[in-house]
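To start, the structure under review is shown below, and the notes come after it.
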Amino acid sequence: MLRLGLTGGIASGKSVVGEMFVNLGAHLIHADAIAHSLMQPGLPVYDEVVRRFGREILNADGSINRIRLAETAFGGLSPRVKELNEIVHPAVIDYENKWMEEIGRRDPTAIAIVEAALILESGAGDRFDHLVVVTCRPEQRIARFAHRMAISEDVARAEVARRMAAQIPDEGKIKAADFVIDNSGSLDATGQQVQQVFAELRRGRAQ
């Protein structure tokens, strides 16, 4: 089995690229979805996040309000994103590793992909056979984030800058990558790059 890490900056198009790989036959899991599931009430990650960040981040039903949590972690004069990551990342990585092991048991020839924004930042890149980095132009990133969040581009620009400050710049990610997919063009152009990477991975397995 091949273990593939799929990463890139905010709103670069990781999820789009990931789904393209799935359509070609790969298996995919999203780190953000794992983190969300681990933050459900009653679970250890939930308990620790609430203990450290306070009940002010909760909705009326006791669930974590992710927008409030993000504002607390990324905002203010003293951002606490590192503190949040120290709580969440180990549990997410453990979940991902068990998922990849299960995929490998079911299909030893599979390509298992973990899509995560902070693969390199968390120091967890070595567990993958290959790393794929998705990039796009800065203004595209802002426009896509604004559209996704239904906010103005001015607000999106500030939010993207705030979140990117906690990430390795694209240049650094590209240096660490085995494959780079430029998502600045059309979906067809991105799809062609994904097909080329997938074919190369399959050829590598066959050799």
Every residue in segment 10-41 that is more than 23 Å from Ala110 (Cα to Cα), in contact (Cβ under 8 Å) with a residue 12 or more places away in the chain and of a type in the set (Ser, Thr, Tyr), please. Ser12
Filter segment 38-70 for residues that are among the basic types (Lys, Arg) and more than 22 Å from the chain's Cα centre (by Cα); the one that is surrounded by the fewest Cβ atoms within 10 Å (Cβ to Cβ) is Arg55
Inside segment 160-201, the number of residues satisfying the requirement of being of a type in the set (D, E, K, R), touching a residue at least 40 places away in the same chain (Cβ under 8 Å) and in a helix (DSSP H, G or I) is 4
Give just the number: which of (1) within 20 Å of Gly8 (Cα to Cα); (2) part of a helix (DSSP H, G or I); (3) among the acidic types (Asp, Glu) does Glu101 not satisfy? (1)
Mind checking which residues of segment 138-176 are surrounded by fewer than 16 Cβ atoms within 10 Å (Cβ to Cβ) and either on the phi > 0 side of the Ramachandran plot or of a type in the set (D, E, K, R) (or both)? Glu139, Arg148, Ala150, Glu153, Asp154, Glu171, Lys175
Across segment 119-159, which residue is nearest to Ser12 (Cα to Cα) among those that are in a helix (DSSP H, G or I) and of a type in the set (Gly, Ala, Ser)? Ala143
Of Ala60, Ala33, Ala91, the only residue that is in contact with a helix residue (DSSP H, G or I) (Cβ under 7 Å, 6 or more places away or on another chain) and of a type outside the set (Val, Ile, Thr) is Ala91
Pick from segment 99-119 the residues that are among the β-branched types (Val, Ile, Thr) and either in contact with a helix residue (DSSP H, G or I) (Cβ under 8 Å, 6 or more places away or on another chain) or free of Cβ contacts under 8 Å to residues at least 12 places away in the same chain (or both): which of them is surrounded by the fewest Cβ atoms within 10 Å (Cβ to Cβ)? Thr109
Can you pull out the residues in segment 120-130 that are crowded, with 20+ Cβ neighbours inside 10 Å and either under 12 Å from Ser184 (Cα atoms) or touching a Lys or Arg at 6+ places or on another chain (Cβ under 9 Å) (or both)? Leu120, Phe128
Residue list for segment 84-98, filter: surrounded by 15 or more Cβ atoms within 10 Å (Cβ to Cβ) and without any contact (Cβ under 8 Å) to a residue 40 or more places away in the chain: Leu84, Asn85, His89, Ile93
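FYI, it's all coordinate maths here, none of it is from the lab. It should be emphasised that the depicted structure is a prediction, and the values quoted were computed from it without experimental measurement. Glycine gets a Cβ as well: all are built from the backbone with ideal geometry, and neighbour counts include every protein chain shown.
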